[in-house]
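To keep things clear, I will list the structure first and then write my remarks on it.
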Amino acid sequence: MKTDGFGKVLEFRADDTDEGIGMCGWILTAISWLIVIVTLPFSLCVCFKVVQEYERAVIFRLGRLLQGGSKGPGIFFVLPCIESYQKVDLRTITLGVPPQEVLTKDSVTVSVDAVVYYRVSNATVSVANVENAHHSTRLLAQTSLRNILGTKNLHEILSDRESISLAMQTILDEATAAWGIKVERVEIKDARLPEQLQRAMAAEAEAAREARAKVIAAEGEKKASGALRDASEIISESSSALQLRYLQTLNSISAEKNSTIIFPLPMDLVKNMVE
């Protein structure tokens, strides 16, 4: 096993040389080479393999990793009978995390799903250190999502998805480094709330909007009443101003093509007629 200065696993090598294969291994290797030579050129069709630009081949000889790590891209040589290889795809893989039912910190049940983008950074480690790197990453992503969301309140899940995604990416990247996996990005797709909670939140939002509307209407009435008071004071100072206002009102009514016109009468005149 090879590590860097911080103890992080970089590459797994069970045997960097052929010193540990023993006498039997040397005999089998010699027999394999003899078969290749005797069956030339037909053996070349079996021994030469090709991997694509985005692939690497991890070769095992008698169950041990060969020196030099993974092979590729291009052509590489495999001895028949004693060597086997496994192809590893290095392209970015999109992993859809299925919806997870989570109980948040404020005791609200929410269903959240996510998307994880990752790739194999070390083909040798991904084959030698874990049985199935992709399946292990999938299970770890589901568990990490539930653990992180369990420490958050509902409003944090709905409004602060970016920080949750970054925290989940950090946890996954650290845990999968020993498997040769590099997590590139994590995104929270959707957070589904129970229908009863959705209706309660909608009713609360509607009540808040109605309250704001009433406050705004009250403020408008207050301003309008103040303007009317100022107008009445100005009109009371001049009798002709009231007559002009009356004519302006008649003009507005006639412009709307109404057949009914109301003539205001002084209250003093009405009192005298009643008496």
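The values are calculated or read from the model by the stated rules, or taken from the named source; none is laboratory data. It should be emphasised that the depicted structure is a prediction, and the values quoted were computed from it without experimental measurement. We place every Cβ from the backbone using ideal geometry, glycine too, and count neighbours over all the protein chains shown. We work out accessible area using only protein heavy atoms, side chains counted, and drop any ligands, DNA or RNA first. Shrake-Rupley method; radii C 1.70, N 1.55, O 1.52, S 1.80 Å.
General remarks:
- Hits in the range 156-214 - residues which are more than 30 Å from Ser70 (Cα to Cα) and among the hydroxyl-bearing types (Ser, Thr, Tyr): Ser159, Ser163, Ser165
- Residues in the range 70-106 that are under 34 Å from the mean Cα position of the chain (by Cα), open to solvent by 20 Å² or more (accessible area, probe 1.4 Å), farther than 23 Å from Leu193 by Cα and among the aliphatic types (A, V, I, L, M): Leu90, Ile93.
- When the test is whether a residue is of a type outside the set (D, E, K, R) and buried (at least 16 other Cβ atoms within 10 Å of the Cβ), Ile235 does not pass it.
- Any hit, the range 48-59, residues being open to solvent by 70 Å² or more (accessible area, probe 1.4 Å) and farther than 20 Å from Asn122 by Cα: yes
- Criterion: open to solvent by less than 50 Å² (accessible area, probe 1.4 Å), in contact with a Leu (Cβ under 8 Å, 6 or more places away or on another chain) and polar (S, T, N, Q) - qualifying residue of Ser136, Ser144, Ser165, Ser126: Ser144
- For the range 178-199, a residue qualifies if it is open to solvent by less than 80 Å² (accessible area, probe 1.4 Å), touching a Ser or Thr at 6+ places or on another chain (Cβ under 7 Å) and under 16 Å from Asp160 (Cα atoms), and the qualifying residues are Val186, Glu187, Ile188.
- Sole exception among (1) under 30 Å from Arg91 (Cα atoms); (2) part of a helix (DSSP H, G or I); (3) open to solvent by less than 70 Å² (accessible area, probe 1.4 Å) for Glu174, by number: (3)
- None of Leu28, Leu40, Leu10 is out of contact with any helix residue (DSSP H, G or I) (no Cβ under 6 Å at 6 or more places or on another chain), open to solvent by less than 90 Å² (accessible area, probe 1.4 Å) and modelled with pLDDT under 80 except Leu10.
- Boolean, Thr124 is over 14 Å from Val88 (Cα atoms) and touching a residue at least 12 places away in the same chain (Cβ under 8 Å): no
- Pairs linking a residue in the range 193-218 that is in contact (Cβ under 8 Å) with a residue 40 or more places away in the chain to a residue that is surrounded by 10 or more Cβ atoms within 10 Å (Cβ to Cβ), with Cβ atoms under 7 Å and 6 or more positions apart or on different chains, are Leu193/Val110; Pro194/Thr109; Leu197/Val108.
- When residues in the range 107-120 are screened for being closer than 30 Å to Gln67 by Cβ and surrounded by fewer than 18 Cβ atoms within 10 Å (Cβ to Cβ), 1 of them pass.
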